[in-house]
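Student: I'd like to ask some things about the structure below.
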Amino acid sequence: MTLAAAHVDTGDTAWLLAATALVLLMTPGLALFYGGMVRTKSVLNMLMMSFVSIALVTVVWLAAGYSLAFGDDVFGGLIGGLGHSGMSGIGPGSVHGTVPTLLFATFQLTFAIITAALVSGAVADRTKFSAWLVFVPVWALVVYVPVTHWVWGPGGWIVDRLGALDFAGGMPVEITSGASGLALCLVLGPRLGFRKDAMRPHNLPMVILGAGLLWFGWFGFNAGSALGANGLAAAAFLNTLAAGCTGLLGWLFVEQRRDGHPTTLGAASGAVAGLVAITPSCGTVSLLGALVVGLAAGVVCSYAVSWKFRLNYDDSLDVVGVHLVGGIIGTLLIGLFAEKAMTGGAEGLFYGGGLVPLGRQLLAVAAVGAYAFGVTYGLGKLIDRALGFRASEEQEHTGLDLTVHAETAYDHGVLGHGAPVNHSLVAAQQAPTRKVESQA
Amino acid sequence: MKLITAIVKPYRLDEVKTALQELGVHGLTVSEASGYGRQRGHTEVYRGAEYRVDLVPKVRIEVVVEDAVADDVIDAIVGAAQTGKIGDGKVWALPVETVVRVRTGERGPDAL
C-alpha cells in the first residue's frame, strides 16, 4: 500500500469497483444469514441491525473514520490524523497506489460496515434498537477505526512496525467483531429462556441463501484486497474458494461423527468458518495452506460454538465461535504457512521462517482481541447506564418485530406470533386504532 | 347425532376424506394440530445443540353425523388412517344436542 505511483491503472480500478460492490452485498447477505437463525418474532429486527449499519457506518466513515484509519499516523502507529475529515483534500484526481483514493476509501468503508453488522449476531433478539443506533457509529470510531489503522494504516504498529501479516482483515474484521460480540453479549446478558427454551433457527433456506451471498461477496473482500487485477488477486480468489470448501467439509465431518447427521446449518456455518479463517491468510499462504486453514477452522469452530452453553454466555448466533475463533486460527496459521511467493518476503515456520513470524502474529492477535473486547465492554456498559441497552422483558417476550418496528415478518398466525390478520381491514380504511407499544 | 373427532397423521388425510365420501358424509372440518401420545416427540440438532421437540404435527378431523352411521364412520376413519405404527392417533365420539345450518336456519339432522 504505497502512495508512490501517481497514476491510475484502469484494470485495477475496474476490478476494485466491482469488488467494492461485492463486499457491500455481504452485509445484506449477513442479514439473511443471521435473520434465518433467529425466531420468527424478531427476524425483522435482526435484518434491520445489519441493514441500518450500512447507513450509520457510512456517515461516520466519511465524516472522520477514513481519516483516522488511513490518514498519516499522528501517534506512535496507533491512530491517523483528522486531516481528511469529511474526505477533505481527496478528489477524483487523488490516487492511492494504482486506484483512485475515493475508491480505496469506499472499498475500506464496506469492510467497516460488515464488521459492525457482524457484532449484532451476539446480541440477537434482545437489543434495544435505539441503543444499537448509538452504539454502531461510536463503536466504528473507537474500536474498528483504531484497529484498522494499526493493521493497514500508514505507519500502523502491527503491519508496518511489528511486521505481522493480515491480508484481508482477520484482525480488523473477524477478531474485532468476535471479541466485541463477546463483550456485548456479556453486557446485555442472555436471552430470556437461554439454555432452557428451544430457540431453533426459523428459516434455514434463508440461512443458506445468506451464506451463499456472503461467499460470493467474499471474493471481492479477499481478492479485492490485492488492490489490483493481478496474480495475487487470483491466488487470493482461489484460496478463498478452497478454504470455504474445506471448512464446509470439516464441519460436516464433525457433525456426522458427533451428532449422526450432516446438517444444512452445519454446511453454511462450516463454509463461513473457513472463509473467516482464510481472510487474513488468503494472500499470504499457498493453496495447500489454504486447504489446511479452512479445514482447521471448520473442525475447531464446530466445537467452539458449544462453549457458550458450558460457560453460560449467550453469543446467540455464534459470532465468537465462528468469527473470533476462526479469525484467530487464520491469523495464527499465517505464522506457519506464509510463503515467499505470496508475501514477497516473509515466510512461516513450515517454509523456513522460524518461530518469529508466529510470535508476531500471536502478539498482534492478543493486542487486537484485548483492545476490541475491553473498549466494547466499556462502551456497552456506558450506553447501558445512559440509555439502557436491553429491550424490556415484555418486548423480548412478544418479539422485537411487533414491539419495536410495528411489523411482523410473516402473514400467518401460527400460535400467537404471526401477523394480526383480522386487523387488516380496519388498517386499510383508517389509521390503526390499536397502538403498538413503542420503544422508549 | 354424534360429533366424531379424529386426530391422525397428516399424510393420511386424503385417504380419510375419500373413505368418508364413499360413506356419503358430505362435510367435515379439518384443522392443523400439534400434540403427542405414546409416540412422544423427536430431537433436532442445530450447531450441535440438541432440541427436544415434544409436539408432533397432526390433523384434527371433525364431522357430525347421525347416530345410526356413527360406528361406520368411526370404522372408516380408523381403517383409512391406520398404518400400524406408533403415532397413528385417536378417534372419539361425543353426543351433539343440536345443529343449525346457518344459511337456512334448519335444525337437527336436516341440517347435516
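A short reminder: the numbers here are calculations on the coordinates, not readings from a lab. Keep in mind it's a predicted model, so treat the numbers as computed, not measured. A quick note on method: Cβ atoms are made from the backbone with ideal geometry, for glycine too, and the neighbour counts reach across all protein chains shown.
Student: Quote the charge dipole size of chain A about the Cα centre in Debye, to the nearest 20; the model charges only the Cβ of Lys and Arg (+1) and of Asp and Glu (-1).
Tutor: Dipole magnitude for chain A comes out near 760 debye.
Student: Determine, for each peptide in B:27-39, B:54-66, the mean count of other beta carbons within 10 angstrom over its residues, then list the peptides with the highest first.
Tutor: Highest to lowest by the protection proxy: B:54-66, B:27-39.
Student: What is the local net charge at B:Gly35, summed over the other residues whose Cβ is closer than 14 Å to its Cβ (Lys, Arg +1; Asp, Glu -1)?
Tutor: Local net charge: +3.
Student: Across peptide A:298-306, how many C-beta atoms of other chains are within 10 Å of each residue C-beta, on average?
Tutor: 1
Student: Now a separate question. Would you mind getting the Kirkwood hydrodynamic radius of the stretch A:199-243 from its Cα pairs, rounded to one decimal in Å?
Tutor: Computed over the stretch A:199-243, the radius equals 11.7 Å.
Student: With a ≥ b ≥ c the root eigenvalues of the C-alpha gyration tensor of the stretch A:50-101, is it rounded (a/c under 1.5), prolate (a/b larger than b/c) or oblate?
Tutor: Taking the square roots of the gyration eigenvalues as a ≥ b ≥ c, the stretch A:50-101 is oblate.
Student: Can you give the helix-only mean residue ellipticity at 222 nm for chain A, where every DSSP H stretch with n ≥ 4 adds -39500 (n - 2.57) and the sum goes over all residues, rounded to the nearest 500 deg cm²/dmol?
Tutor: -19000 deg cm²/dmol
Student: Tell me the net charge near B:Val59. Cut-off is 15 Å between Cβ atoms, B:Val59 excluded, with +1 for each Lys or Arg and -1 for each Asp or Glu.
Tutor: +1
Student: What average number of partner chain Cβ atoms lie no more than 10 Å from the Cβ of the residues making up B:39-50?
Tutor: 6
Student: Would you kindly derive the ³J(HN,Hα) couplings of the stretch A:122-139 from the backbone phi angles with the Karplus curve 6.51 cos²θ - 1.76 cosθ + 1.60 (θ = phi - 60°), listing them in order in whole Hz, with x for Gly and Pro?
Tutor: 6, 10, 4, 6, 8, 8, 6, 5, 5, 5, 4, 5, 7, 4, 4, x, 5, 4
Student: If you consider only alpha-carbon coordinates, what radius of gyration and Dmax does the stretch A:96-146 have, in Å?
Tutor: When restricted to the Cα atoms of the stretch A:96-146, Rg and Dmax are 13.8, 45 Å.
Student: Now for a different question. Under 8 Å for C-alpha pairs, at least 6 residues apart: give me the relative contact order for the stretch B:2-111, rounded to a whole percent.
Tutor: 41 percent
Student: Right, something else. Given the peptides A:8-16, A:96-104, A:204-212, A:381-389, arrange them by the average over their residues of other C-beta atoms within 10 Å, most packed first.
Tutor: Put in order of decreasing packing, that is A:96-104, A:204-212, A:8-16, A:381-389.
Student: Right, here's the next one. Select from A:Gly359, A:Gly155, A:Gly224 the residue whose mean-square fluctuation is largest in a Gaussian network model of chain A (Cα-Cα springs shorter than 10 Å).
Tutor: Its mean-square fluctuation being the largest, the pick is A:Gly359.
Student: Something else about it: GNM on chain A, C-alpha springs below 10 Å: top fluctuator among A:Arg390, A:Arg360, A:Arg310?
Tutor: Comparing A:Arg390, A:Arg360, A:Arg310 in the GNM, the peak value goes to A:Arg310.
Student: Averaged over its residues, how many other protein chain Cβ atoms are within 10 Å of peptide A:192-200's Cβ atoms?
Tutor: Mean partner-chain Cβ count within 10 Å for A:192-200: 2.
Student: For the protein assembly as shown, what is the Kirkwood hydrodynamic radius in Å, using each pair of distinct C-alpha atoms?
Tutor: Answer for the protein assembly as shown: a Kirkwood hydrodynamic radius of 26.1 Å.
Student: Name the long-range amide H neighbours of B:Lys58: under 5 Å, sequence gap of 5 or more, or other chain; modelled H, no Pro or chain starts.
Tutor: Sorted by chain and number, the residues that satisfy this are B:Ala33, B:Ser34, B:Gly35.
Student: Return the Rg/Rh ratio of chain B with Cα-based radii and a Kirkwood Rh.
Tutor: Ratio value, two decimals: 1.09.
Student: Continuing with this model, one more query. For every other residue with a beta carbon closer than 15 angstrom to the beta carbon of A:His84, add +1 if it is Lys or Arg and -1 if Asp or Glu, then tell me the sum.
Tutor: Neighbour charge sum, excluding A:His84 itself: -2.
Student: Could I ask something else about it? What does the helix-only formula give at 222 nm for chain B: each DSSP H stretch with n ≥ 4 adding -39500 (n - 2.57), the total divided by the residues, and the result rounded to the nearest 500 deg cm²/dmol?
Tutor: Mean residue ellipticity at 222 nm (helix-derived): -7000 deg cm²/dmol.
Student: I would also like to ask the following. HN-Hα J couplings of the stretch A:87-94 from phi, Karplus 6.51/-1.76/1.60, θ = phi - 60°, integer Hz, Gly and Pro as x?
Tutor: For the stretch A:87-94, the Karplus-derived couplings read 6, 5, x, 10, x, x, x, 6 Hz, x marking Gly and Pro.
Student: Calculate one ³J(HN,Hα) per residue across the stretch A:17-25 by plugging θ = phi - 60° into the Karplus curve 6.51 cos²θ - 1.76 cosθ + 1.60, and present them in order as whole Hz with x for glycine and proline.
Tutor: These are the phi-based 3J(HN,Hα) values: 4, 5, 4, 5, 5, 4, 5, 4, 5 Hz.
Student: Considering the options A:Gly210, A:Ile334, A:Thr264, tell which one lies farthest towards the positive end of the dipole of the stretch A:10-386, charges being +1 on Lys and Arg and -1 on Asp and Glu at the Cβ, about the Cα centre.
Tutor: A:Thr264
Student: Do any of B:Lys58/B:Lys85; B:Lys17/B:Lys85; B:Lys17/B:Lys58; A:Lys41/A:Lys128; B:Lys2/B:Lys85; A:Lys128/A:Lys381 go past 24 Å between their Cα atoms, and which?
Tutor: Long pairs (Cα-Cα over 24 Å): B:Lys2/B:Lys85.
Student: Using amide H atoms built in the peptide plane, which far-off residues or other-chain residues are under 5 Å from A:Ala338 H to H?
Tutor: Those lying under 5 Å, H to H, from A:Ala338 are A:Gly348, A:Leu349.
Student: Using a 10 Å cut-off on Cβ atoms, rank the peptides A:341-348, A:105-112 from the highest mean neighbour count down.
Tutor: A:105-112, A:341-348
Student: Take the alpha-carbon centre of the stretch A:19-88, take the same for the stretch B:71-87, and report the distance between them in whole Å.
Tutor: Taking the Cα centre of the stretch B:71-87 as reference, the centre of the stretch A:19-88 is 60 Å away.
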